[in-house]
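To keep things clear, I will list the structure first and then write my remarks on it.
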Amino acid sequence: MGNSHSLGRAARSEAELAQLVVQVARAVQADIVLCATETAAFPRYLHQLSDQFRIVAATTNEEAYDILTHTGLEAVRLPLRAADKYNQIRHIISVAFRSAKISSGEFLICAISHDLYPGQGDLVVLADVEPNVENLAVSDLIRLTDGIRPRALESAVTVACKIGRAARRGKRLGTIFTLGDSLKVLEGSRQLIPNPFHGHDESLRRLSNPDIHDSLVELAKLDGAFVARGDGFIQTAGVFLASTQAEVELPAGFGARHVAAAAVTRRTDATAIVISATDGNVRIFSDGKLVLQIDPTVAYGPITLENFGTGE
């Protein structure tokens, strides 16, 4: 992405924001307006106001995507929702580029309404599309701490999405994977069942080993969390995580599993990956905050880059 600029933080309606975006697009002679939506309303406002440039909608919402495509509007389905709107802009542009909705050399406006990120304000970014925009990886959106290796993150997310898809099929599966700072994670935590990994060969305790992924899905039926080192070595499973008096920031409606994950990442340098038994979504926490949400049924592109880090 080339140079970009942020415009406006006032609480506008989506119709008012659409008017602003169209005015800016005309003034700068943009090729494309790329907009984020969860309801399909924002791109409709844009489409009604101007036919001078292409409008591409980006959404994490399956229903909104279906509405947009059925009404003939261009749309891309986003697999990820970053907690930070600036990272979400990067993700939207990356997905649109990989989906061939935008091309290198084009000049675009990307807009996110404050309705998607309450309290954060609207965001309008002007950007040149550069060839390397497609190289945005999931690991770029997460603060990797305590020697957490991108390959370990990749493996953990792969397993988590597999569990999430099973949950979407009606199986009551949900669990937590913690990565990094494992000794501190275990401090004050409680082993609910005998460690199912005790005495196993190292290869059978590696998140990167695809041969154990089905077993991990089955173990997700048990109470408690998986605790792994930053290199993906699973220390144990079936752990009740200590979360006493940790200050966390969570959206409304999250249950005890998400609270525990947020709390353990607040008191340690671990990253926590939560699979919800309710909706099957995969959510990643760091420093007590939700940093990323993944729909396990949508392909999300690269977790890591080939030249990112070394080792597993």
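The values are calculated or read from the model by the stated rules, or taken from the named source; none is laboratory data. Computed from a predicted model, the values in this text were never measured in an experiment. Positions of Cβ are generated from backbone atoms using ideal geometry, with glycine treated the same way; all protein chains shown enter the neighbour counts. Surface accessibility is based on the protein's heavy atoms, side chains included, excluding ligands, DNA and RNA. Shrake-Rupley method; radii C 1.70, N 1.55, O 1.52, S 1.80 Å.
Brief remarks follow.
- Taken over region 83-123, the residue count meeting the criterion of being open to solvent by 50 Å² or more (accessible area, probe 1.4 Å), out of contact with any helix residue (DSSP H, G or I) (no Cβ under 6 Å at 6 or more places or on another chain) and under 20 Å from residue 249 (Cβ atoms) is 5.
- Residue list for region 51-85, filter: more than 13 Å from residue 101 (Cα to Cα) and among the acidic types (Asp, Glu): 51, 62, 63, 66, 84
- Any chance residue 56 is within 20 Å of residue 31 (Cβ to Cβ), in contact (Cβ under 8 Å) with a residue 60 or more places away in the chain and either among the β-branched types (Val, Ile, Thr) or surrounded by fewer than 15 Cβ atoms within 10 Å (Cβ to Cβ) (or both): no
- A search for C-beta distances below 7 Å between a residue of region 94-110 that is within 25 Å of residue 23 (Cβ to Cβ) and any residue that is part of a helix (DSSP H, G or I), counting only pairs 6+ apart in sequence or on different chains, returns 102/96; 109/21; 109/24; 109/25; 110/89; 110/92; 110/93.
- Looking only at residues in region 169-188 that are surrounded by 24 or more Cβ atoms within 10 Å (Cβ to Cβ) and among the hydroxyl-bearing types (Ser, Thr, Tyr), the one that is nearest to residue 296 (Cα to Cα) is 175.
- Residues (at pLDDT 95 or above and of a type in the set (A, V, I, L, M, F, W, C)) located in region 164-178: 176, 177
- Checking 225, 166, 156, 152 one by one, the residue that is over 19 Å from residue 293 (Cβ atoms) and either open to solvent by 60 Å² or more (accessible area, probe 1.4 Å) or small (Gly, Ala, Ser) (or both) is 152 and no other.
A quick yes/no check of all residues on (1) hydroxyl-bearing (Ser, Thr, Tyr); (2) at pLDDT 95 or above; (3) farther than 20 Å from residue 149 by Cα; (4) surrounded by fewer than 12 Cβ atoms within 10 Å (Cβ to Cβ):
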| position | (1), (2), (3), (4) |
| --- | --- |
| 193 | no, no, yes, no |
| 209 | no, yes, no, no |
| 212 | no, yes, no, no |
| 216 | no, yes, no, no |
| 241 | no, no, yes, no |
| 245 | no, no, yes, yes |
